[in-house]
Structures are given as structure tokens and as C-alpha cells.
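**Q** This structure is in C-alpha cells; I'll ask about it shortly.
The values are calculated or read from the model by the stated rules, or taken from the named source; none is laboratory data. It should be emphasised that the depicted structure is a prediction, and the values quoted were computed from it without experimental measurement. Note that we place each Cβ from the backbone using ideal geometry, even for glycine, and neighbour counts take in every protein chain shown.
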């Protein structure tokens, strides 16, 4: 079992556009890269968990989001900050799904795919009311980056 760094995407790793989907808008924060590299060097899995309601709202498609994600992953790799997986919630906030953060559905999905030591895992994000709340629900540490 390995612990994971579960990290938000928009506003945490990259500047929030908002509804980021165009790779031309990609700007990565150096502090997030440093944290990802640090946790990776300690043997943590790096898992991106991201709410993407822009899909449900019709602002962009899953394919456009995947193109943005691929550009993000490539830039992170170039900076030595590899990612093990990306999980997203495509639903509208009013859909009451279990995958939309601060719900734990994305983490539960990742736990099915990876042998994760949840007790020693960490949630990183830019919003205490979302990522902080998710970490509290799970009883694990959080890192909140104030942008």
C-alpha cells in the first residue's frame, strides 16, 4: 500500500481560467510542482481529483478537458512532477452526485484502481471549504494553498 497526494487541479496546480479547457490558457504554479515532486520522492502516488462542471454546463466536452489534462501532464512531466492518475466529476453542482468534491467519490474510485493507504494520504487544494472539508471527512491531512 502507498499513501497518495490527492490534489485539486484548477487553482491548485494550474491557474483557474475559469472552466479551463484550452491548453493555451495553461499556467502551472511552481509551488504546486515542488509539493508534487516532494511527495512523489517520498513514495506517494499523485492523484488529481477535479470538479469539472463545465462539462455538464456545456462549456466544453470531455475530449477538450482530456486535451487540457494531457497538456498539463506533459508540462508536469517536463518539470519532474509525474502524476499517477486523474479523476474528474463532470456533474453540475445541483446533481447531488457522490463524486463532486467535497464528496469522496473520486477518492473512492482511485482506491479501486490503486492500493492506497488512505490513513497516511493527503488532500491538497486551494479551497478549505472543498478540499479541506474533504480531508476532514476522511480524517486525513490537508494542504491548502492560498492563491
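**Q** Please verify whether the stretch 50-62 includes one or more residues that are out of contact with any strand residue (DSSP E or B) (no Cβ under 6 Å at 6 or more places or on another chain), at pLDDT 95 or above, more than 25 Å from residue 146 (Cα to Cα) and in a helix (DSSP H, G or I).
**A** Our first condition is that a residue be out of contact with any strand residue (DSSP E or B) (no Cβ under 6 Å at 6 or more places or on another chain); within the stretch 50-62, this holds for 53-62.
Remaining after also requiring at pLDDT 95 or above: 53-62.
So of that shortlist, the ones also more than 25 Å from residue 146 (Cα to Cα) come out as 55-62.
Among the residues that remain, those that are also in a helix (DSSP H, G or I) are: 62.
Yes, because at least one residue in the stretch 50-62 is out of contact with any strand residue (DSSP E or B) (no Cβ under 6 Å at 6 or more places or on another chain), at pLDDT 95 or above, more than 25 Å from residue 146 (Cα to Cα) and in a helix (DSSP H, G or I).
**Q** Only one of these is assigned to a helix (DSSP H, G or I) and within 26 Å of residue 140 (Cα to Cα): 110, 24, 81. Name it.
**A** On the way: 24 fails: within 26 Å of residue 140 (Cα to Cα); 81 fails: assigned to a helix (DSSP H, G or I).
Answer to the selection: 110.
**Q** Name the single residue, out of those in the stretch 87-105 being surrounded by fewer than 18 Cβ atoms within 10 Å (Cβ to Cβ) and in contact with a helix residue (DSSP H, G or I) (Cβ under 6 Å, 6 or more places away or on another chain), that is nearest to residue 47 (Cα to Cα).
**A** So the residue we want is 87.
**Q** Determine which single condition residue 120 fails, assuming it passes every other condition in (1) surrounded by 13 or more Cβ atoms within 10 Å (Cβ to Cβ); (2) over 12 Å from residue 47 (Cα atoms); (3) touching a strand residue (DSSP E or B) at 6+ places or on another chain (Cβ under 7 Å); (4) in contact (Cβ under 8 Å) with a residue 60 or more places away in the chain.
**A** It is condition (3) that residue 120 fails.
**Q** Could you say which residue among 71, 81 is touching a strand residue (DSSP E or B) at 6+ places or on another chain (Cβ under 9 Å), modelled with pLDDT of 95 or more and within 25 Å of residue 28 (Cβ to Cβ)?
**A** On the way: 71 fails: touching a strand residue (DSSP E or B) at 6+ places or on another chain (Cβ under 9 Å).
The unique qualifying residue is 81.
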